[in-house]
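Step one of this worksheet: look at the structure below.
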């Protein structure tokens, strides 16, 4: 799908909100999801409609960047000190403490705005030095001090809660659990299967999680809108114990949306495979999700992942340097449907030897030599 720079395609999902897919580079296929799990979606709402952000203000503050959060953190305290300092100064001015030095003040040693600001900061931060203090002469000043004490407790609770939520964000933990940079198609127990890898790069491993895969296609309508279609893929062993890297397998069988696609069809079909892994962290008990996507160009036909797990004397050893390493294996250049029906291509150079995959480089197809050893046929997913 090609569009000119500056244009945006509309996803018709809601009558009050326009969802548009952002474009990263000219000439590249538009992705539904980036490799790091982010969605290139821009939300264009009605001008001045801030109600969704104000209703859920806590989530809005948590999702802000750290520099914005630090600015809000500083301004919330400084502005509250200024506001209550102004209140104490007005009380002192009305009571006559500013002009009459001999008058019994509402607040000791508060004769101007500077003293009122210092008293406000000391009251809210509980760092009083004993020089300024509230007296019993003004009931209004006592009420203002009470309101400020309650407000300071509420403000501290909100600010500390937001900072803790940002520090314990599930996104940070999700960055330590990753998928392989490509998916592969090979034969398992005589059937074609699509598989990809999942691994935990931290020492405290995930004990249990649930994997999911969705095939996303979008079709451009005559009026310019885009209709999205979502199809769940059946995954073998959806519940995963991630003590060691796991290979997630989808069998290309009847009912699978990829059942009728062959190696050449993958290059022409416009779809995106969105995969995710939802799990609970052992350290925090929080729910996390790691996700990525594979386009048709990210799927390697006739390859398999290299073995990472080795058995040592006292423990298992995992070589994460081989996490994205693949190697060629003999696989029919047919779709799973054609394999089940026993079909063979009627014409074309690939019909000469359909048991071994062809490699496309620089726009030319090359038949793979079955006599080449496995070590020579290693390839890294990029």
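The table below lists the values:
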quantity: Fewest-first sequence of 95, 288 by Cβ atoms within 10 Å of each Cβ; calculated: 95, 288
quantity: Order of 182, 153 under a 10 Å beta carbon neighbour criterion, fewest first; calculated: 153, 182
quantity: Rounded Å value of the spacing that divides the Cα centres of region 115-171 and region 175-236; calculated: 50 Å
quantity: Estimated FRET transfer efficiency (residue 72, residue 286; beta-carbon r; R0 25 Å; 0.05); calculated: 0.60
quantity: Approximate spin-label separation residue 223-residue 236, in nm, with each point projected 7 Å along Cα-to-Cβ; calculated: 4.5 nm
quantity: Counting all C-alpha pairs of region 70-201, share separated by more than 21 Å (%); calculated: 58 percent
quantity: Reference-scaled alpha-carbon Rg (2.2 N^0.38 Å with N residues) for region 233-321; calculated: 1.36
quantity: Inter-probe distance in nm under a simple model that places probes 7 Å from Cα toward Cβ, at residue 155 and residue 340; calculated: 6.7 nm
quantity: Footprinting exposure proxy for 192, 71, 266 (fewest neighbouring C-beta atoms within 10 Å first); calculated: 71, 266, 192
quantity: Region 85-163: Cα Rg divided by the 2.2 N^0.38 Å rule of thumb; calculated: 1.15
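Where a number appears in this text, it was derived from the coordinates with a stated rule and is not lab data. The model shown is predicted, which means the values in this text are computed figures rather than measured ones. In this analysis, Cβ positions are derived from the backbone assuming ideal geometry, glycine residues included, and neighbour counts consider all displayed protein chains.
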